[in-house]
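These notes are about the structure you will find just below.
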Amino acid sequence: MAETLELLSIDFWQTLMAIGNLIILYFIVKKFLYKPVNEILESRAKEVDDIYSEAENMRKEARTYKETYEDKLNKVKNETDQMIKKATESAKLRSEEILNEAIAEADNERRKAENDIYLAKKKAMEDLSTKVSSMVVELSKQIVQKEIDLDAHQKLIDSAIDKLGESV
Amino acid sequence: MEVSITGARVLFRLPLGITITETQVSMWIIMLVIGLLCKWLTHDLKVKPTSRRQVVAETIVNTINNLLNDVMGVRFKDFAPFVATLFAFVVFSNLSGLFGLFSPTADLNTTLGWAIVVFIMILSTNIKTNGVGGYLKGLTEPVVFFTPLNVIGEFATPVSMAMRLFGNVLSGSVISTLLYAGLATLSSFVLQKLPGFLANIPIFQLGIPAILSIYFDVFSGVLQAFIFIMLTMAYVSNAASSE
């Protein structure tokens, strides 16, 4: 049977070796487990911080962009509003002008037409009066069968026709 | 048949009375295993974990850190590697029996050595917090008459820690040995009428010890390791806040 220690024995060197081994293992664990893991955890925390601050920056930037765009949009809207208003006004003015011109022209046309009508009517009247008077003279000549003083009758008939024309 | 329960086998002796036993060899193997495990777990770490290994490594570190925060508070952050070392060493030592190694924790010298380290930490934390005078004064409280008791109490801490761990592990191996011996006797008693080698078939040793081994080696081993580090943390944080 091999040599063994007593079950309950305390040996100075053995105890010291146990202490030494624990200390050595402490440094092993610290160097090979804790140091790398802590480094990675720290760099991860740093990365997360970076991402957060970057996101914050981008948010701020986005807000300024938004404000700028809103300003610009408002400006453009105002401008277009004004342009539309101006255009509407000028169109209204122009249409009124056109309308007035049209009315004036129509007026002129009407007046001219009236004048023409008046002249034509007058001419027709004159023609008619001449024809009628000569017809009447002719008729009366035939009826009376005798010569009538043409001039005297002419005057008489003219006045009658004038009266007739006025009443027409 | 003869049953003997002894300490670690002596492998060779060096001058100055230094003996190298199974305990030492087991410890070196365990240290190598833990060291390689750490190296393997932490090689090729990335900020974005891609391997399960890294998740395991981070989980171990975070679990110990959280435990430390809960029990001792944030100011003992630097204590974490020591607690992790202690836990790993005790667990691997307790479980080494499963792999046919001699459990270093079944040797009183080992547990005593570790308990002494813990005791030195308690002492240094106490002195760092209260000063030498404060610490010595604390021994005389509440009345001077209690001083001897307090001194005994101080030394009881490492002794009880060492004995608790050693006793638990040893008791497991003692019970296992006794059980094996008992089952062997039972087997040979039942099979004694059979001729030749058939009488020596260990029918009862198969299976039954495994169940006990699960309790004594695995469950009790991990539990005792946990108790050991919990006591360490509790004593040290208590020393930092006492008086």
Rounded to the nearest 10, the angle in degrees between the Cα long axis of helix A:35-144 and the longest principal axis of the Cα atoms of chain A comes to 0
If every Lys and Arg gets +1 and every Asp and Glu gets -1 at its Cβ, then about the Cα centre chain A yields a dipole, in debye to the nearest 20, of 260
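Determine the gain in length on full extension of the stretch residue A:91-residue A:72; use 0.36 nm per residue of separation and subtract their C-alpha separation, reporting nm with one decimal.
Details: separation 19, 0.36 × 19 = 6.84 nm, distance 2.79 nm.
My answer for the length gained is 4.1 nm.
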One finds, for residue A:42 and residue A:12 with R0 = 41 angstrom and r their Cβ-Cβ distance, a FRET efficiency to the nearest 0.05 of 0.45
The long-range amide H neighbours of residue B:21, using H built 1.01 Å from N in the peptide plane and a cut-off of under 5 Å, are B:11
Square roots of five times the C-alpha gyration tensor eigenvalues of chain A, ordered largest first and given in whole Å, equal 140, 15, 8
Dividing the mean separation of Cα pairs under 8 Å (6+ apart) by the residue count of chain B yields a relative contact order in percent of 24
Along the dipole axis of the stretch A:51-168 (charges at Cβ: +1 for Lys and Arg, -1 for Asp and Glu; origin at the Cα centre), the most positive-end residue among A:51, A:117, A:84 is A:51
Computed about the Cα centre, the charge dipole of the stretch B:28-90 from +1 Lys/Arg and -1 Asp/Glu charges at the Cβ has a magnitude in debye, to the nearest 20, of 200
Ranked by GNM mean-square fluctuation in chain B (Cα springs under 10 Å), the top entry among B:12, B:102, B:76 is B:12
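Can you pull the mean other chain C-beta count within 10 Å for peptide B:85-91?
Mean shielding by partner chains, rounded to a whole number: 4.
Explain nothing, just the number: dipole magnitude of the protein assembly as shown about its Cα centre with +1 on each Lys and Arg Cβ and -1 on each Asp and Glu Cβ, in debye rounded to the nearest 20. Numbers along the way, then the final one.
Details: 40 positive and 45 negative charges, 306 e Å.
Charge dipole, the protein assembly as shown, about its Cα centre: 1480 debye, nearest 20.
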Along the dipole axis of the stretch A:28-167 (charges at Cβ: +1 for Lys and Arg, -1 for Asp and Glu; origin at the Cα centre), the most positive-end residue among A:68, A:32, A:144 is A:32
Simple spin-label estimate for residue A:132/residue B:16, 7 Å along Cα→Cβ, in nm, reads 16.8
Taking Lys and Arg as +1 and Asp and Glu as -1, residues besides residue B:21 with C-beta under 11 Å from its C-beta add up to -2
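List every DSSP H helix in chain B whose Cα atoms extend 27 Å or more along the helix's own long axis and whose mean Kyte-Doolittle hydropathy is at least -1.0. Don't jump to the answer; show the numbers that get you there.
Values: long enough: B:22-42 (30 Å, 1.34); B:52-72 (29 Å, 0.10); B:108-139 (33 Å, 0.94); B:147-190 (61 Å, 1.08); B:220-241 (31 Å, 1.35).
Correct list, ordered by number: B:22-42, B:52-72, B:108-139, B:147-190, B:220-241.
How big, in percent, is the set of alpha carbon pairs in chain B lying more than 25 Å apart?
Numbers: 16777 of 29403 pairs.
In whole percent, the share of Cα-Cα pairs in chain B beyond 25 Å is 57.
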Largest fluctuation, B:123, B:16, B:68 only, Gaussian network model of chain B with Cα springs under 10 angstrom, belongs to B:16
Here, residue B:121 and residue A:83, labelled 7 Å along Cα→Cβ, have an inter-label distance in nm of 7.9
Of the candidates A:16, B:230, A:104, the farthest towards the positive dipole end of the protein assembly as shown (Lys/Arg Cβ +1, Asp/Glu Cβ -1, centred on the Cα centre) is A:16
Cα-based Rg/(2.2 N^0.38 Å) for the protein assembly as shown, rounded to two decimals, is 2.81
In a Gaussian network model of chain B with springs linking alpha carbons closer than 10 Å, the residue among B:145, B:226, B:216 that fluctuates most is B:145
Note: B:100-107 gets an average of partner chain Cβ contacts (10 Å, Cβ to Cβ) equal to 1
Rounded to a whole number, the mean other protein chain Cβ count within 10 angstrom for residues of B:109-116 is 6
Each label sits 7 Å from Cα toward the beta-carbon; between residue A:57 and residue A:120 the label points are separated, in nm, by 9.1
Taking alpha-carbon centroids only, the stretch B:31-64 lies from the stretch B:155-207 a number of Å equal to 37
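FYI, it's all coordinate maths here, none of it is from the lab. The structure displayed is predicted, hence computed values, not measured ones. All Cβ positions, even for glycine, are placed from backbone atoms using ideal geometry, and neighbour counts span all protein chains on display.
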